[in-house]
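Notes to accompany the following structure.
Readers should treat all values here as calculations from the given coordinates under stated rules, not as data from a laboratory. Keep in mind that this is a model prediction, so the values were computed, not measured. Don't worry about glycine lacking a Cβ; one is built from the backbone with ideal geometry, like all the others, and counts go over all protein chains shown.
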Ligand code: FES
Ligand SMILES: [Fe+2]
């Protein structure tokens with residue numbers, strides 16, 4: 001588990017969430033995970049995600065493909081989402097190459113680096129993500145993607 | 001032909017988002033040997049069987065990715081000659097003084113057209129693998145700690161101008177083409193595997209939408225059994241796996257692609273075949289990329305062309 005102290009809870013300042021759901025307690029036998037509903041606007045998928053692991057991991061566990069899965073370490077940006085509504089906590093660093101201060105302030109974050117706190121509505125905005133999701137997932141699609149970028 | 005000129009990959013320097021977390025990852029999970037820290041805060045590692053001081057350097061940064069990839073050459077005269085050859089080819093170089101990197105001699109640094117910084121150097125301290133140079137035993141405890149690759153083996157680097165990068169390695173540095181993936185037009189290379197030895201690749205390039213992007217740094221394991229053991233260790237440590245364990249059709253390596261704690265992809269692999277410069281290159285049309293990457297499942301992993309750090 002990440003050993004970082006939790007960062008600010010976005011849109012939920014001062015609600016004490018981090019003390020009730022920190023990694024510190026996750027190993028205890030009496031720790032029952034809590035779940036919230038996550039709606040992915042671009043794919044129309046809904047999932048019940050744990051609040052004690054990353055949003056991306058929760059969606060991946062359920063097989064929801066609306067948010068693409070990449071490095072799961074905050075380094076590649078394919079999982080970038082815009083949080084349309086709801087509260088979340090940032091719990092690990094995100095590559096600043098892909099997330100600037102304005103992104104952070106406006107809820108554009110990497111799904112592998114945040115945990116849901118309340119019910120969320122998100123939209124995948126990763127550079128590759130929404131385009132790949134929108135096109136066929138064939139090698140031709142992948143080549144076209146490269147051709148377009150050139 | 002003896003191996004002369006550029007000998008092998010020497011070191012990679014990576015950026016990580018949380019230094020101590022990735023020190024733990026590279027030391028305890030991947031099982032590299034921690035070799036020290038320098039005054040810039042960089043942390044040095046090597047594979048247990050490597051004899052030179054280090055092959056991986058990591059540093060704290062606010063973005064992931066690769067700073068540079070370096071090759072060892074067979075002597076100071078070769079370093080000077082290759083620098084001259086690069087300059088004559090129109091590649092600007094600069095010298096980084098000896099000691100800037102721990103236990104490492106002077107380095108020649110240059111940027112290739114796909115945005116990557118490449119270095120050449122002739123000298124790095126021989127610290128040995130701990131087994132001695134007389135009557136050595138075949139392995140020691142370090143060979144079983146974590147995944148424990150024997151060595152850093154190669155890197156796959158992404159960027160727009162694959163052709164320009166390839167040309168410098170082939171025309172100036174003496175590498176040869178071993179395998180390639182080509183686009184529908186039958187000509188445009190999407191990826192190339194280049195060797196300066198009898199390995200199937202010492203460096204590879206993939207065409208990527210952004211310059212200077214890391215696809216992966218690869219580490220060598222001796223057997224497929226050890227690749228499976230690596231998969232167990234990754235899962236036990238919740239390491240995010242990208243592809244595998246499977247066999248690449250391309251280069252025939254048995255492989256796992258996975259990510260460090262900062263989203264930098266790495267590979268643990270074994271096998272492949274012995275390549276020689278006179279061998280005809282192998283070509284994979286892009287529609288055969290699925291089995292080129294994952295021969296067992298013949299399934300397209302779109303992350304191969306889309307996920308970089
Ligand atoms: S999956 Fe790579 S940044 Fe989230
Ligand atoms: Fe590789």
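What whole-number distance in Å separates the alpha-carbon centres of segment B:202-231 and segment A:104-128?
So the separation of the two Cα centres works out to 29 Å.
Per residue and in cubic angstrom, what volume does the convex hull of the Cα atoms of the protein assembly as shown have?
Details: hull volume 69.4 nm³, N = 459.
Dividing the Cα hull volume of the protein assembly as shown by its residue count gives 151 Å³.
Let me check the size of segment A:70-115 from its C-alpha atoms; what are the radius of gyration and Dmax in Å?
9.4, 25
Express as a percent, rounded to the nearest 5, the fraction of DSSP beta bridges in segment B:6-143 (both residues included) that run antiparallel.
Numbers: 25 of 34 bridges.
Just about 75 percent of them are antiparallel.
Looking only at other chains, what is the average number of their beta-carbon atoms within 10 angstrom of each beta-carbon in A:72-85?
Working: counts 10, 17, 8, 17, 14, 5, 6, 2, 0, 0, 0, 0, 0, 0.
Rounded to a whole number, the mean comes out at 6.
Residues in segment B:105-130 near a label at residue B:4, defined as backbone nitrogen under 19 Å from the 7 Å Cα→Cβ point?
B:121-123
Could you give the nm distance between label points at residue B:187 and residue B:92, where each point is 7 Å from its Cα heading toward the beta carbon?
So the label points at residue B:187 and residue B:92 sit 3.1 nm apart.
What is the fewest-to-most order of A:49, A:76, A:113, B:196 by other Cβ atoms lying within 10 Å of their Cβ? Please report the intermediate quantities before stating the final value.
Numbers: A:49 26, A:76 34, A:113 29, B:196 23.
So the residues, fewest neighbours to most, are B:196, A:49, A:113, A:76.
Once you order the gyration tensor axes a ≥ b ≥ c over the Cα atoms, which shape class does chain B get: rounded for a/c under 1.5, otherwise prolate or oblate by comparing a/b with b/c? Let's see the in-between values first.
Details: a/c = 1.35, a/b = 1.03, b/c = 1.30.
Cα axes put chain B in the rounded bin.
Tally the DSSP beta bridges in the protein assembly as shown and give the antiparallel ones as a percent, rounded to 5.
Values: 71 of 96 bridges.
Roughly 75 percent of the DSSP beta bridges within the protein assembly as shown come out antiparallel.
When DSSP assigns beta bridges and you keep just the ones with both residues in segment B:151-306, what percent turn out antiparallel, to the nearest 5?
Details: 28 of 41 bridges.
Here the share of antiparallel DSSP bridges comes out near 70 percent.
Whole number please: convex hull volume per residue, Cα atoms of segment B:137-200, in Å³. Spell out each step's value before the answer.
Details: hull volume 8.4 nm³, N = 64.
Spread over its residues, the Cα hull of segment B:137-200 gives 132 Å³ apiece.
Can you put B:304, A:39 in order, fewest other beta carbons within 10 Å first? Let's see the in-between values first.
Numbers: B:304 24, A:39 18.
Listed from fewest to most nearby Cβ atoms, that is A:39, B:304.
Roughly how far apart, in whole Å, are the Cα centres of segment B:80-159 and segment B:27-41?
Segment B:80-159 and segment B:27-41 have Cα centres separated by 16 Å.
Report, as a whole number in µm² per second, the diffusion coefficient that Stokes-Einstein gives for segment B:1-133 at 25 °C and 0.890 mPa s using the Kirkwood radius over alpha carbon pairs. All intermediate terms of the calculation are to be shown ahead of the outcome.
On the way: Rh = 15.6 Å.
Once the numbers are plugged in, D ends up at 157 µm²/s.
Beyond 19 Å, what percent of the Cα pairs of segment B:151-306 remain?
On the way: 6312 of 12090 pairs.
In whole percent, the share of Cα-Cα pairs in segment B:151-306 beyond 19 Å is 52.
Give me A:115, B:247, A:87 sorted ascending by neighbouring Cβ count inside 10 Å, so fewest comes first. Write out the running numbers ahead of the final one.
Numbers: A:115 26, B:247 22, A:87 18.
Least to most surrounded, the residues fall as A:87, B:247, A:115.
At 0.36 nm per residue, and after removing the present C-alpha to C-alpha distance, how many nm does the segment from residue B:296 to residue B:283 gain when stretched out fully? Walk me through the numbers before you get to the answer.
On the way: separation 13, 0.36 × 13 = 4.68 nm, distance 1.87 nm.
Once the chain is fully extended between residue B:296 and residue B:283, it gains 2.8 nm.
What is segment B:151-306's relative contact order, in percent, from Cα pairs under 8 angstrom and six or more apart in sequence? Working shown, then result.
Numbers: 343 pairs, mean separation 40.0, N = 156.
Relative contact order of segment B:151-306: 26 percent.
With n ≥ 4 as the cut-off for DSSP H runs, can you work out [θ] at 222 nm for chain B, using -39500 (n - 2.57) per run divided by the number of residues, rounded to the nearest 500?
On the way: 6 runs with 47 residues, N = 309.
So the helix-based figure for chain B works out to -4000 deg cm²/dmol.
P(r) of segment B:218-277 in 5 Å steps, Cα pairs, percent per bin?
So the P(r) values, bin by bin, are 5, 19, 31, 23, 13, 6, 3, 1, 0.
With an 8 Å cut-off on Cα pairs and a minimum separation of 6 or more residues, tell me the relative contact order of chain B in percent.
On the way: 764 pairs, mean separation 54.5, N = 309.
Relative contact order for chain B comes out at 18 percent.
Over chain B, with a Gaussian network built from C-alpha contacts below 10 Å, which listed residue (B:137, B:92, B:225) shows the highest mean-square fluctuation?
B:137
Determine the shielding of peptide B:258-268 by partner chains: average, over its residues, the number of Cβ atoms on other chains within 10 angstrom of each Cβ.
Numbers: counts 2, 7, 3, 9, 8, 15, 4, 5, 0, 0, 0.
Other-chain Cβ atoms within 10 Å of each residue's Cβ, averaged: 5.
Give, to the nearest whole percent, the P(r) tail of segment B:133-243 beyond 19 angstrom, counting all Cα pairs.
Details: 3517 of 6105 pairs.
Within segment B:133-243, distances greater than 19 Å cover 58 percent of Cα pairs.
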